[in-house]
1. Quick one: is residue 269 under 21 Å from the mean Cα position of the chain (by Cα), assigned to a helix (DSSP H, G or I) and of a type outside the set (Val, Ile, Thr)?
2. Of the numbered conditions (1) out of contact with any helix residue (DSSP H, G or I) (no Cβ under 8 Å at 6 or more places or on another chain); (2) in the same structural domain as residue 355 (by TED's automatic domain parsing); (3) among the small types (Gly, Ala, Ser), residue 179 fails exactly one; give the number of that condition.
3. Does at least one position in the range 352-362 carry a residue that is within 27 Å of the chain's Cα centre (by Cα) and among the hydroxyl-bearing types (Ser, Thr, Tyr)?
4. With the condition kept exactly as written, say whether any residue in the range 222-231 is under 26 Å from the mean Cα position of the chain (by Cα), of a type in the set (A, V, I, L, M, F, W, C) and not in a helix (DSSP H, G or I).
5. May I ask you to say which residue of 193, 139, 143 is among the small types (Gly, Ala, Ser), in the same structural domain as residue 258 (by TED's automatic domain parsing) and free of Cβ contacts under 8 Å to residues at least 40 places away in the same chain?
6. Does at least one position in the range 35-47 carry a residue that is of a type in the set (Phe, Trp, Tyr), assigned to a loop (DSSP other than H, G, I, E, B), over 16 Å from residue 91 (Cα atoms) and modelled with pLDDT of 90 or more?
7. Which condition number in (1) more than 29 Å from the chain's Cα centre (by Cα); (2) at pLDDT 90 or above; (3) among the basic types (Lys, Arg) is the one that residue 80 fails?
8. Among (1) modelled with pLDDT of 90 or more; (2) closer than 30 Å to residue 316 by Cβ; (3) among the charged types (D, E, K, R), which single condition is residue 58 missing?
Amino acid sequence: MYTWLKKRTKTQLITVCLLLISCIASLIFVYHNHDFYDRTIVKVTDVTESSQEETTDEYDNKDIRVTQQITGEIRNGEEKGETIELTNTYSESLGIEYQLSAGTEIFLANDGSSISDIKRDKYLLWAAWAFLLILLAVGKSRGALSAISLAVNAIILSVSLDIYLQNGNLSLFVISGISIVIFTILSLLMATGFNEKTYTAIITTLIGTFLSLLITYIALRVTGEQGLRYEEMSFLTRNPYTVFMAGLLIGSLGAVMDVAITLSASIFEMFEKNQRTSIATLKKAGFEVGKDIMGTMTNILFFVYISGSIPMLLLYLKNESPLGFTLTMNLSLELARALAGGIGIVITIPLAIYISIFFIKRKQASLS
C-alpha cells in the first residue's frame with residue numbers, strides 16, 4: 001500500500017481522497033435520508049411467519065402462501081419512532097410480493113396498513129459506486145470521462161422525453177434523431193478525445209444507425225408490418241408505430257457505436273504502430289476483426305432483447321398458451337429490434353473500415 005501511494009502524484013492522491021470522501025458521505029446520507037421522503041418508511045425489526053396455506057389454481061398449479069407478522073419502527077413523519085404492527089403475505093414465486101426480513105426498510109401504502117414497496121436507494125447507490133470505482137480503476141481518466149458521458153446522456157434522454165410529453169405536436173422520431181446525434185458526438189468525444197479515430201467512429205455511427213433504420217423502415221413498409229404485435233403498447237396514448245421506431249433508433253445506436261469504435265481503434269492502432277503498413281493490409285485486418293465481432297455482437301443484441309421477454313414467455317406457457325401464439329405475442333417486436341440492430345452491425349463494418357482508411361490516407365499524405 002505504501003509503495004502504491006509513493007508512486008501516485010499529488011493530483012491522483014487528491015482525486016482518490018475526494019472519491020472516498022464522496023462515497024462515504026453519500027452512503028451515510030442514503031442510510032439516513034428518511035425525512036426527505038413524503039411516504040412513510042418503516043424499518044422491519046421483527047418477523048414471525050404465522051401461517052402457510054397451499055393453493056391450487058384451475059390449471060392445477062400449486063402454490064404456497066405464507067403470512068408474516070411484521071413489527072417495525074416508523075422512521076419519518078409525525079409518528080417517527082413509534083412501533084407499528086403489519087401483516088405481509090407472499091407466495092413462493094415472489095412475483096409482485098416481498099418476503100421481508102429484519103432490517104429491511106419498506107414504504108407504507110396510502111392506507112397506512114399495507115406494504116407499497118421496498119426502499120432500495122441504498123442498494124442502488126452501492127451498485128453505482130461499485131460500477132464507478134471499477135470503471136475508474138480500469139479506465140482511469142478515460143473511465144471518468146465515460147462515466148460523465150453516461151450521466152450526460154441520461155440527462156439528455158430525460159430532457160428529450162420531457163419535451164415530447166409536454167409538446168404532443170412534436171414528432172418523437174425527430175426528437176430521438178436529434179438526441180442520437182448529440183449522444184454519439186458527446187459520448188465518443190468524451191470517451192476517446194479529439195482525434196481521427198473519434199471522428200471516424202462518429203461518422204460511422206451516425207451513418208450506420210440511420211442506414212439500418214432506413215432499411216428497417218423500407219422492410220416494414222413493403223411487408224405492411226405483418227407479424228408485428230403492438231399489444232404490449234396498448235396502454236400508450238401515442239402512436240405505437242412511432243414509439244417503436246424511435247426505440248429502434250436508440251436501441252441500434254449502442255451496438256453500432258460499439259462496432260464503429262472497435263474497428264476504428266483497431267485500424268488506427270495498427271497504423272500508429274507501423275505507419276508503413278499498406279492500405280491493403282489495414283483493410284484485410286479490419287475485415288478480419290469485423291468478421292470476428294459480427295457474430296458475437298449480433299448474439300449479444302438477440303440475448304439482450306429476448307431476456308426482457310422471458311417472464312412473459314413463462315407466464316404464457318405456464319397458462320398453456322400455444323407456442324406459436326406465445327412467441328408471436330411476446331417476441332415479434334424484440335426480434336424486429338434485434339434484426340434491425342444486426343443490420344446496423346453488418347453495415348457498420350465496411351463503413352468503419354473505409355472511413356478509417358480515408359483518414360489514414362489523408363494522414364499519410366500530410367506526412368509525405
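The values are calculated or read from the model by the stated rules, or taken from the named source; none is laboratory data. Given the structure is predicted, the values throughout are model-derived calculations rather than measurements. As a convention, Cβ positions derive from the backbone with ideal geometry for all residues, glycine included, and neighbour counts pool all protein chains shown.
1. Working: under 21 Å from the mean Cα position of the chain (by Cα): no; assigned to a helix (DSSP H, G or I): yes; of a type outside the set (Val, Ile, Thr): yes.
So residue 269 fails the test.
2. Every listed condition holds for residue 179 apart from (1).
3. no
4. Yes, some residue in the range 222-231 is under 26 Å from the mean Cα position of the chain (by Cα), of a type in the set (A, V, I, L, M, F, W, C) and not in a helix (DSSP H, G or I).
5. On the way: 139 fails: in the same structural domain as residue 258 (by TED's automatic domain parsing); 143 fails: in the same structural domain as residue 258 (by TED's automatic domain parsing).
The match here is 193.
6. The answer is yes, given that some residue of the range 35-47 is of a type in the set (Phe, Trp, Tyr), assigned to a loop (DSSP other than H, G, I, E, B), over 16 Å from residue 91 (Cα atoms) and modelled with pLDDT of 90 or more.
7. Every listed condition holds for residue 80 apart from (2).
8. (1)
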